[in-house]
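Report on the following structure.
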Amino acid sequence: MIKIHAIATALVFALAGAAFAQETVATLRAGTPLAEQGDLPQIAKRLNTDLRQVRNYPEQPPLIPHKIDGYQIDINVNKCLQCHSRAAVGDSQAPMVSITHFMNRDNQFLASVTPRRYFCTQCHVPRSDAPDLVENTFVDVDQVLDYVAGAKSGDN
């Protein structure tokens with residue numbers, strides 16, 4: 001009888017703990033409880049401006065400034081390389097694939113894009129008008145240098 005009572009008590013505490021946890025978990029759900037379906041956010045519109053965007057952090061892969069809906073990128077075909085390969089940039093006026101995309105794991109340069117950098121959308125994503133989910137406090141190195149130069153001139 002004591003075992004049954006102990007199990008029942010443990011079960012009550014477990015369920016109460018789970019209910020309490022659901023109410024206190026921090027999420028990106030804008031205050032909607034986990035047990036409820038909130039309003040669905042609008043799907044962000046893809047931007048198609050063909051303008052380069054400033055990067056948000058060092059070594060960030062460039063964003064794709066145009067739509068890529070329907071682009072085939074698989075082991076047989078890479079639609080991106082029709083404009084961004086070395087041979088095509090003269091006609092397309094698109095930026096050439098970075099030289100780093102031609103280096104293998106041993107840092108040797110290959111004649112064509114290395115297989116580990118062949119699937120562009122693994123790193124590069126199309127731009128959209130989606131709002132930032134978290135605040136970005138990245139400061140470009142040029143801004144840091146300007147700040148340091150200003151601080152040094154203020155010391156004199």
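The values are calculated or read from the model by the stated rules, or taken from the named source; none is laboratory data. Bear in mind the structure is a predicted one, so any value in this text is a computation, not a measurement. The area values use the complete protein model at the heavy-atom level, side chains included, leaving out ligands, DNA and RNA. Shrake-Rupley method; radii C 1.70, N 1.55, O 1.52, S 1.80 Å.
Tabulated data for the structure shown
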| item | result |
| --- | --- |
| Where 71, 147, 57 fall by accessible area, highest first, once all protein chains stay in place (1.4 Å) | 147, 57, 71 |
| GNM top mover of 130, 44, 111 - the chain, alpha-carbon springs below 10 Å | 111 |
| Mean residue ellipticity (222 nm) of the chain, computed from DSSP H runs ≥ 4 via -39,500 (n - 2.57), nearest 500 | -9000 deg cm²/dmol |
| Accessible surface ranking that places the most exposed of 96, 103, 1 first, with a 1.4 angstrom probe | 1, 96, 103 |
| Pairwise centroid distance, computed over Cα atoms, of the range 83-106 with the range 108-130, Å | 10 |
| Carbon/sulfur fraction of accessible area - the chain, other protein chains in place, 1.4 Å, % | 58 |
| Along each principal axis, Cα extent of the chain, largest first, Å | 83, 63, 39 |
| Heavy-atom accessible area per residue - the chain, 1.4 Å, Å² | 84 |
| For residue 64, residues with placed amide H under 5 Å, excluding near neighbours | 125, 127 |
| Most mobile of 32, 114, 49 in a GNM of the chain (Cα contacts under 10 Å) | 32 |
| Length-normalised contact order for the chain - Cα pairs under 8 Å, 6+ apart - percent | 22 |
| Helix axis angle, 141-155 relative to the chain longest principal axis, alpha carbon, degrees | 90 |
